[in-house]
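Below is one structure, written out as C-alpha cells; comments come after it.
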Amino acid sequence: MNEVLEKNLALLKKHQPEVYYKLDRHIKGEYKPLDTSVEKIFLARQDDLVINIMVRCGQKNYVLCDHEDPISEAYAWIDKYIDASNRADIVFGMGMAFHLEVLLTSFPNKKVVIVEPNMNLFYQIVCIRNLETVIKKAEILVDERVDIILGRINSLFWNTEEGGIQVEPFEVYAELFPDTWDELRSRFIRHAESFTVDIATRRHFGELWVHNNIKNLNQMIGSSNADGLIGKFKDVPGILVSAGPSLQKNVHLLKGLEDKCVIMAAGTAVRILEDFGIVPHFMVGIDAGENEGKIHANVKNKDIYFIYSNQVSTLSVSSYGGPKFVMNYTVDVYTARFFEYSNIKSGYFLSGPSVANTCFDILFKMGCNPIIMMGQDLAFTSGSMYAGEAPGTVVGDSDDPKSNEYLLVKDIYGRDVYTTKAFLAMRNWFEGYFERIGGQTEIINATEGGINISHADNKTLEDALKRCNLHSCGISDRIGKLYSENIFTESILSKINEYKTYVNKEIEKLERISNRQLGLVDGLRKDIYHPSKNSSRFVKVVDSISDLTNKVIESPIYPSLLKNLIEIDFFLIKSEVDRANKVLTKYEDIKNVYINAILTQNQKLTDSLNKIKKFLEH
C-alpha cells in the first residue's frame, strides 16, 4: 500500500467512516459498484509524479484537470460557479481535487458536499492525491443513488444559517457521467420546489391535521382497514380519475366499465363523475379543510367506498354514510403509532402534494395493471381548473396573467398553457414515483391534455382501453368482501382509549420538562448563572436548557403530534438566535435575544400541548 493511500485511508476512517468502509470493501474485491460506466483509467506521469488521470468513458478519453496549471483552472471554476452568499455547495465530481481545495480554503464557513459517482475512479484519486483538506472539511458521497444524495441534501434545507444551496458540476464530470449529472440537477430543482410547497402546506394545515388525526381516530368503528386491499386486484386495470378540465373529453367512455376496471376518483372528481352519471368504486380524501368535508357530505350515492386518511376533514368522515376504508398514511404518524401500539397490521400508503398522487399509490399497491390516468392536466387547460368550467374561468387569454403565481409552459401538444408551482410539485412526485416502479406496471396518461408527465405513455382513453384485457371481474363483490373481512369492530374502542391515556402521560412529562426549562431561564434572566461569576456553571445551565429542548424533540409523541405544530417555529427561533450570535458582541444583548427565544419556544410548546389535550377530550 503506497504512503498517500495509507494516509487517506486513515483520514477517511476517522472523518468519513461510511466512505472508508465502502472503499475498504472495494479494495478487498467485496464491493459491487452502482456505476460501471468507466471503461478504463490511465495515470499520466511526469518523471515519478502522477500529474493527471485520464478516463475512458463512452469510447472517449477525458482528463480530470489541466496538468499545466491546475490551480488557475480551479480558481476559474470558482469564479464561474461559486456564489459566495450560498451556505452550501453540492459539487458533482472529485476530480484531482484542486477546485475543492480552493473552495474549502476560500470559503471556510460553507458546507461542501462532494458527489463522486464512480468508486474505481475515486480509488485511483485516493491513491495519488493527498486529500487531507477535502476529507477533513467536506462531506463525501461515493457511488450513491440519486435519491440517497437528495435525502442528504434535504437536511441542508433545514439548516438555520442564511444563504442558498447550489448544485454545480466539475465540468469534466458532467461530460463523463451526463445521465447521472442530468438526473441529479433536475431532481434537485424539483426537490427544492417540493420542499417549498411542503413547508407552506404544513404552515397552513399543521394544527388542523393534528386535530383531525385525533378526532377521526375516534370514529374508526365501522370503517375497514385499507391494508386489506393491498395485492387483491392483481392485473385488473385501474383508472385514476382526476377533475382536470380535459376530463370532459373522455369521461363518457367510463360507462359500462364498472365491472371491468377499478375506478377511483381523486378528490373533487367524484362530484364530476356523479354529474356524468358514473359511480366509481372508490373515492379518496386526504385534505383537511372544510371544503373537502363538503365534497363528501354532498355525495349522493352511498355505495361508493371512501378511502381516507385520518387527517381528512372530520366532516368528511362524519357526514358520508357509505362504507369507508381508513388507510395508514405516511404523514399521519399519530394513526401509524396507534396501529403499532395496538398490533394492527396496516401497510403504508404514500402521501404527495395531491390526492391524485396518493390514489396512484393505492392502485399500484392493490396490484392494478395497467393504471390509466385521466383528468390529470396539472395545468389550466383552456384557462380552467376543473372539468365543466367555462374556458378562461381561472386564467384568461392574456399573455400576462394578473397573478405571478402562474407559469407559462407547453402542454403535451406543444401549446402554451399556464400552470403553478403546486401543479409542478405534483408532476415531480409522479415522475419520481413512475421512475421507481418502472416495469412493474404499465402507466398510461389518458388525460388528452395538460402538461407531460415523464415515464407515462400519452394515449387517448379509447386507445388505452383497447390495450386492456377487459372482462367482467366481479369487482364490486370483491371490494364488498374485503370490506367485511377487515372492518374495525367496537373492540377497537378500548385500544383507542388506552392509547389516548398513554399520550396524556407523555404530555405530562413534557409539561415537567417545560417547567424545568423555565426555571433555568429565569436564573439566567436574574443573572444567577452569569458567566463572570462561574463560567463552567453558566455553560452547564445553557447546555441543560438545550438538552431539555432536545428531550422535547426526542419525545415519542413529537413525530406524531408535536412536529406539525412546533417544528417550523422552532426552526425559525433557532435561526434568529444564530443570526444574533453572528452580529451581537455584548453579553447582555445576546442574553436578551437568547432568553426571549427560549421563552417564545417554551410558550409555543405549552400552547401546543394544551391544544392536543383539548383535542383528546371527547
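Applying the criterion of at least 3 residues that are in contact (Cβ under 8 Å) with a residue 40 or more places away in the chain and of a type outside the set (D, E, K, R) to the helices (runs of 4 or more DSSP H) found wholly in the range 61-146 leaves 119-128. Determine, yes or no, whether Leu43 is closer than 19 Å to Leu23 by Cβ, among the aliphatic types (A, V, I, L, M), in contact (Cβ under 8 Å) with a residue 12 or more places away in the chain and part of a helix (DSSP H, G or I). No, not satisfied.
Please go through the range 262-290 and give me each residue that is more than 30 Å from the chain's Cα centre (by Cα) and buried (at least 24 other Cβ atoms within 10 Å of the Cβ), ordered by number. Correct list: Leu273 only.
Restricting to the range 454-484, name every residue that is among the aliphatic types (A, V, I, L, M) and either under 34 Å from the mean Cα position of the chain (by Cα) or buried (at least 18 other Cβ atoms within 10 Å of the Cβ) (or both). Result: Ala456, Leu461, Ala464, Leu465, Ile475, Ile479, Leu482. Among the conditions (1) without any contact (Cβ under 8 Å) to a residue 40 or more places away in the chain; (2) more than 25 Å from Asn218 (Cα to Cα), Gln517 misses just one, which is (1).
Of all the criteria given as (1) in the same structural domain as Leu561 (by TED's automatic domain parsing); (2) surrounded by fewer than 14 Cβ atoms within 10 Å (Cβ to Cβ), the one not satisfied by Val503 is (2).
Among residues of the range 402-418 being in a loop (DSSP other than H, G, I, E, B) and at pLDDT below 90, the one that is farthest from Val236 (Cα to Cα) is Lys402. Filtering the range 304-345 to residues that are surrounded by fewer than 19 Cβ atoms within 10 Å (Cβ to Cβ), free of Cβ contacts under 8 Å to residues at least 40 places away in the same chain and assigned to a loop (DSSP other than H, G, I, E, B) leaves Gly321, Gly322, Thr330, Asn343. Figure legend. Inter-residue proximity from the range 456-471: first residues within 13 Å of Gly238 (Cα to Cα) and assigned by TED's automatic domain parsing to the domain that holds Asp377, second residues surrounded by 18 or more Cβ atoms within 10 Å (Cβ to Cβ) and polar (S, T, N, Q), beta-carbon distance below 7 Å, spacing 6+ or different chains. Indicated pairs: Leu461/Asn250. Against the list (1) outside any loop (DSSP other than H, G, I, E, B); (2) at pLDDT 65 or above; (3) aliphatic (A, V, I, L, M); (4) under 23 Å from Gly293 (Cα atoms), the condition Met220 fails is (1). Out of the residues in the range 419-475 that are hydrophobic (A, V, I, L, M, F, W, C) and assigned to a loop (DSSP other than H, G, I, E, B), state the one that is nearest to Leu350 (Cα to Cα). Step by step, filter the range 419-475, then rank; the result is Ile437. Within the range 7-21, residues that are assigned by TED's automatic domain parsing to the domain that holds Lys136 have Cβ atoms under 9 Å from residues that are of a type in the set (Lys, Arg) in these pairs: Asn8/Arg129; Leu11/Lys136; Lys14/Lys136; His15/Lys136; His15/Lys137; Tyr20/Lys13; Tyr20/Lys14; Tyr21/Lys13, counting only partners at least 6 apart in sequence or on another chain. The number of residues in the range 266-281 being touching a residue at least 40 places away in the same chain (Cβ under 8 Å), hydrophobic (A, V, I, L, M, F, W, C) and within 24 Å of Phe349 (Cα to Cα) comes to 2. Looking at Gly367, Gly375, just one residue is surrounded by 21 or more Cβ atoms within 10 Å (Cβ to Cβ), in contact (Cβ under 8 Å) with a residue 40 or more places away in the chain, at positive phi and in the same structural domain as Ser309 (by TED's automatic domain parsing), and that residue is Gly375. When residues in the range 233-257 are screened for being within 28 Å of the chain's Cα centre (by Cα) and either farther than 16 Å from Cys468 by Cβ or not assigned by TED's automatic domain parsing to the domain that holds Phe282 (or both), 4 of them pass. Taking residues in the range 431-442 that are within 13 Å of Pro370 (Cα to Cα) and not assigned by TED's automatic domain parsing to the domain that holds Leu378, and partners anywhere that are assigned to a helix (DSSP H, G or I) and at pLDDT below 90, not one pair has Cβ atoms closer than 9 Å while being at least 6 places apart or on different chains. Identify, please: which residue in the range 34-70 is among the polar types (S, T, N, Q) and modelled with pLDDT under 85 and is, among those, nearest to the chain's Cα centre (by Cα)? Ranking the qualifying residues of the range 34-70, first place goes to Asn52. Inspection of the range 523-530 finds a residue satisfying the criterion of being on the phi > 0 side of the Ramachandran plot and either of a type in the set (Gly, Ala, Ser) or over 35 Å from the mean Cα position of the chain (by Cα) (or both).
The values are calculated or read from the model by the stated rules, or taken from the named source; none is laboratory data. This is a predicted model, so every value here is computed, not measured. Counting neighbours? That spans all protein chains shown, and the Cβs are built from the backbone with ideal geometry, glycine included.
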